[in-house]
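To start, the structure under review is shown below, and the notes come after it.
The values are calculated or read from the model by the stated rules, or taken from the named source; none is laboratory data. Keep in mind the model is a prediction, meaning the values are calculated, not measured. Cβ atoms come from the backbone with ideal geometry, glycine included; neighbour counts cover every protein chain shown.
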Amino acid sequence: MDIKTASISVMRKQLGIMDAIKESERCLLCKDAPCSKNCPAGTDPGKFIRQIRFENFKGAARTIRNNNILGTICAYTCPVEKLCAKDCCAQGLDRPIDISGLQRFACDYGKTHSLEAFEKVSGNLGKVAVIGAGPAGLSCAAELAKSGVSVVIFEQAAEAGGVASWGIPRFRLPDDAITNDLKNLTDLGVTIKYNSIIASPNEAAHLLKQGYDAVFISIGLTEPYKLPILDGYSNVIDYINFLRQAKTAAKLNLNNKNVIVIGGGSVAVDTACTAVNLGAKKVTMLALEGLAELPADEEEKAIARQMHVIVKPNSKLVAAVVEKDHVTFIKGTEIEWVVPGNFHPDNAKPIAGTEFSMQADYIVQAIGTRPSSEIAKIASTLQTKGKGTIVVNNDFATNIPGIFAGGDVVNGGATIVQALGEGKKAAQSICSFIRGK
Ligand SMILES: Cc1cc2nc3c(=O)[nH]c(=O)nc-3n(C[C@H](O)[C@H](O)[C@H](O)COP(=O)(O)OP(=O)(O)OC[C@H]3O[C@@H](n4cnc5c(N)ncnc54)[C@H](O)[C@@H]3O)c2cc1C
Ligand code: SF4
């Protein structure tokens, strides 16, 4: 964690042993624990909180890891207020149990107290290729390996973790949380082939011909949307390139710059806070939505406030003032929604007399992403829909026998835990498919 973020009080807190026991003692030990019912990845807070309460810390770590291969990452990033903690609130407590804090405590305890490694299962249930080492691919691979399937993951990047590795800023998710979880995959004997992009014509079908019994596609969303008004200028960047550079390039320095982030969602907030950390003088998020409508989570909005990110709500970009190859000012107008509650750009109506202009040194576009338009290269007859997401049935099977898919490339962009859950379910379907062959 760096200097600017170290003092932010809304960051998820690290619990020591005494804090963890005290917090677990607030738990009502509900029968049929509601917190355990809706986790897409099958994490069981009711069970691991009980184990912490009775000081079985390693048991708690084991419970989490056995259900959720990326338990540490989820402890840092899960939107708990919409999932397990939401159901906990309904139990009459004045505030929900700090489930993510307890999960992190247990995972950290497991790491520092040498929780026994997963044992490689020496089964012989075929061979599966997984394309993409993000949360969906990693969880699918882990479940398959636990069932005795030999798994090879093809990952285009030099590291595994998907968005968790290249995108989520370190002040929210430290590198060692990712390393801790990835070790589980190594212990299970999963092979990851890095710098291996699957993109030549019909490569998934070739993998099947090469002896893989099934293929799981989990390539996430890779093409950021861009506004034509801003496209091609030297000081305009999309959030994928920006966040990736912020994590890897030593020279990305925004000292004394006026940064404008276009967008009002969680990704825009991560982008804006990262710009603050890189030394920006002023960071403004330009959002179509009103303050109460911003799609970012409350926790993220609180971090943005503490980092002095300015939000210009109900505002739409209409033009760019350009000098040579870079944008010097943006021009915008305030808007109102034609149909209230429909937050689509086409539904935004400019309000006359509210035009404004803002000086810009650096602009990041964070207005969403879609799957790769080159998805057909992976499998030419793969059925897609809408913005290019892959169509699957309830078993995560695509229209091509033997090819399965899950995660963001199927659901259009959700959460880490959702991608994990889909990877797990797909693994069960893949095992049934192989057994039926
Ligand atoms: C900035 C940001 C912050 C976020 N914060 C949170 C958060 O706090 N909490 C949360 O729950 N969710 C968060 N999300 C959403 C979450 O990260 C995603 O829903 C999740 O990562 C999706 O997992 P996935 O495995 O489907 O895809 P990804 O994580 O995108 O992984 C896909 C992988 O496939 C690889 N790949 C792509 N194409 C190919 C190819 N042709 N060949 C080989 N490999 C390929 C990619 O390199 C990548 O490693 C955030 C998203 C962003 C962008
Ligand atoms: S719902 Fe809340 S109080 Fe009930 S078992 Fe889960 S964490 Fe404990």
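Among the residues of the range 9-47, the ones that are within 10 Å of ligand 2 (Cβ to nearest atom), among the hydrophobic types (A, V, I, L, M, F, W, C) and under 25 Å from the mean Cα position of the chain (by Cα) come to 1 in all. Would you mind stating whether VAL190 is modelled with pLDDT of 95 or more and crowded, with 23+ Cβ neighbours inside 10 Å? Considered against the rule, which asks whether it is modelled with pLDDT of 95 or more and crowded, with 23+ Cβ neighbours inside 10 Å, VAL190 comes out as yes. If we scan the range 104-118, do we find a residue that is surrounded by fewer than 24 Cβ atoms within 10 Å (Cβ to Cβ), modelled with pLDDT of 95 or more, within 14 Å of ligand 2 (Cβ to nearest atom) and in a helix (DSSP H, G or I)? No - not one qualifying residue is present in the range 104-118. Here is the figure for the range 26-81: residues that are in a helix (DSSP H, G or I), in contact (Cβ under 8 Å) with a residue 60 or more places away in the chain and within 16 Å of ligand 1 (Cβ to nearest atom) total 8. Quick one: in the range 82-106, of everything that is more than 16 Å from ligand 1 (Cβ to nearest atom) and touching an Asp or Glu at 6+ places or on another chain (Cβ under 9 Å), which residue is farthest from GLU23 (Cα to Cα)? Among those residues, the one meeting the criterion is CYS89.
Taken as a whole, the condition of being crowded, with 17+ Cβ neighbours inside 10 Å, at pLDDT 95 or above and in contact with a Leu (Cβ under 9 Å, 6 or more places away or on another chain) does not apply to VAL309. A count restricted to the range 50-67 and to residues that are touching a Gly at 6+ places or on another chain (Cβ under 7 Å), of a type outside the set (A, V, I, L, M) and within 16 Å of ligand 2 (Cβ to nearest atom) stands at 2.
Within the range 136-161, if we keep just the residues that are farther than 20 Å from ALA117 by Cα and not hydrophobic (A, V, I, L, M, F, W, C), the residue that is nearest to ligand 2 (Cβ to nearest atom) turns out to be GLY137. For the range 197-225, taking the residues that are in contact with a Gly (Cβ under 7 Å, 6 or more places away or on another chain) and more than 10 Å from ligand 1 (Cβ to nearest atom), the one that is nearest to SER372 (Cα to Cα) is identified as TYR225. Against the conditions (1) surrounded by 23 or more Cβ atoms within 10 Å (Cβ to Cβ); (2) out of contact with any Phe, Trp or Tyr (no Cβ under 6 Å at 6 or more places or on another chain); (3) among the polar types (S, T, N, Q), THR328 satisfies every one except (1). Only a single item in (1) part of a helix (DSSP H, G or I); (2) under 21 Å from ILE197 (Cβ atoms); (3) within 22 Å of the chain's Cα centre (by Cα) is not met by LYS377, and it is number (3).
Report, by residue number, each residue of the range 318-361 that is within 31 Å of the chain's Cα centre (by Cα), in a loop (DSSP other than H, G, I, E, B) and closer than 21 Å to ILE237 by Cα. Once the filter is applied, which keeps residues that are within 31 Å of the chain's Cα centre (by Cα), in a loop (DSSP other than H, G, I, E, B) and closer than 21 Å to ILE237 by Cα, the range 318-361 yields ALA360, ASP361. State which residue is nearest to the chain's Cα centre (by Cα) when the search covers only the range 257-275 and only residues that are within 15 Å of ligand 1 (Cβ to nearest atom) and not small (Gly, Ala, Ser). Only one residue tops the list, namely VAL267. Checking the structure you have, find out if any residue of the range 106-120 is out of contact with any helix residue (DSSP H, G or I) (no Cβ under 8 Å at 6 or more places or on another chain) and either of a type in the set (Gly, Ala, Ser) or in contact (Cβ under 8 Å) with a residue 60 or more places away in the chain (or both). Scanning the range 106-120 turns up at least one residue that is out of contact with any helix residue (DSSP H, G or I) (no Cβ under 8 Å at 6 or more places or on another chain) and either of a type in the set (Gly, Ala, Ser) or in contact (Cβ under 8 Å) with a residue 60 or more places away in the chain (or both).
Taken across the range 123-146, residues that are farther than 14 Å from ILE434 by Cα, surrounded by fewer than 18 Cβ atoms within 10 Å (Cβ to Cβ), at pLDDT below 95 and of a type outside the set (S, T, N, Q) do not occur at all. Output the residue which, of all residues in the range 147-167 that are assigned to a strand (DSSP E or B) and aliphatic (A, V, I, L, M), is nearest to the chain's Cα centre (by Cα). Result: ILE153. Scanning the range 243-295 for residues that are touching a Pro at 6+ places or on another chain (Cβ under 6 Å), of a type outside the set (Val, Ile, Thr), in a helix (DSSP H, G or I) and surrounded by 24 or more Cβ atoms within 10 Å (Cβ to Cβ) turns up just one, ASP270. A single entry from ARG95, ARG53, ARG12 fulfils the requirement of being more than 26 Å from VAL163 (Cβ to Cβ) and modelled with pLDDT under 95: ARG95. Tell me, yes or no, whether the range 197-205 has at least one residue that is assigned to a helix (DSSP H, G or I), over 25 Å from the mean Cα position of the chain (by Cα) and at pLDDT below 95. Yes, the range 197-205 contains a residue that is assigned to a helix (DSSP H, G or I), over 25 Å from the mean Cα position of the chain (by Cα) and at pLDDT below 95. Within the range 180-213, the set of residues being among the polar types (S, T, N, Q) and over 24 Å from GLN383 (Cα atoms) comprises ASN180, ASN184, THR186, THR191, ASN195. When ALA145 is tested against (1) without any contact (Cβ under 8 Å) to a residue 40 or more places away in the chain; (2) away from ligand 1 (no atom under 12 Å from the Cβ), exactly one condition is not met: (1).
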